[in-house]
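The values are calculated or read from the model by the stated rules, or taken from the named source; none is laboratory data. In this text, all values refer to a predicted model and were calculated from it rather than measured experimentally. Positions of Cβ are backbone-derived with ideal geometry, glycine not excepted, and every protein chain shown enters the neighbour counts.
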Amino acid sequence: MRLKADLLLLFAAVIWGTAFVAQRTAALQNSLFLFNGVRFLLGALVLLPFSGLRWKAGGRAWGVACAAGLLLFTAGTLQQLGMRFTTAGNAGFLTSLYVILVPVLLLLIWRQRPAGQTWAAVCLAAAGAYLLGTNGEGFVFRPGDALELAGAVFWALHVIVLGKYASRVDAGQFAAAQFAVCALLSLLVGWPVEGGDWGGLQPVLIPILYTGVLSVGLGYTIQVWAQRHTPPADAALIMSLEAVVAVVSGWLLLQEALEKVQILGCLLILMGVFIVQFKSAKM
């Protein structure tokens, strides 16, 4: 079951990596909250026929779903806003730092000490993300980078919350509930802040459909189920392959340059994931 969960997390990382171009396109438009609100609402509606209309879990599960939705809203908002004021490379690198933040937060807040192999894998993945995002030319801090770094904290918290509570609820219902909460918060903020400018969404209809159905509806639902069987720190490492997929997709689909140092970064991330898999195979 652990191997199946890890493979599904890898599949989710592929979805998110290929969706990065769509999110980047939408970030350059005026709409931010309405874009997130509509795509997360679409993700919830896609799951509705499969998850059912009746909530079978108790009130505590509702609270966890609301907390997960709030974390999604905060992380998604900071990521989309940050993309307006920084480069795609910086955004990818700083978001990938949630790989480091997951074991750090587990240690500081929950007093849960990850295994030594996990720390080694985390360091390899972080180094790989740095080479991928900066092309080895050094990191130049830009106005949007603080937003991306703050977003990484909330992505890490979301991974931890799912890892600790996903096994107690129905995956489909929990995913639909957190999507609905995130959508509601985004639309409530977007309506006064963006003036209810629904016409601004027209240029990004394709990104909305792609990210709403695949990235949100499928990818995050896979994450909820898979994290029943994969520890949070290990799950974060596997999902860090999103950065590798994003770079390779840009190279294959958009003819973006892929430098040798970036290939090295991809290999370092892969090594980190392999270490985690080797550790889990021995357990």
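Points to keep in mind about this one:
- The residues in segment 126-165 that are surrounded by fewer than 22 Cβ atoms within 10 Å (Cβ to Cβ), assigned to a helix (DSSP H, G or I) and at pLDDT below 85 can be counted, and the count is 2.
- Residues in segment 172-200 that are within 16 Å of GLY76 (Cβ to Cβ), modelled with pLDDT under 90 and not in a loop (DSSP other than H, G, I, E, B): 2 in all.
- If the condition is being crowded, with 23+ Cβ neighbours inside 10 Å and within 18 Å of LEU149 (Cβ to Cβ), then segment 102-125 contributes VAL102, PRO103, VAL122, ALA125.
- Top-ranked residue of segment 46-65 - restricted to ones that are crowded, with 17+ Cβ neighbours inside 10 Å and part of a helix (DSSP H, G or I), ranked as modelled with the lowest pLDDT: SER51
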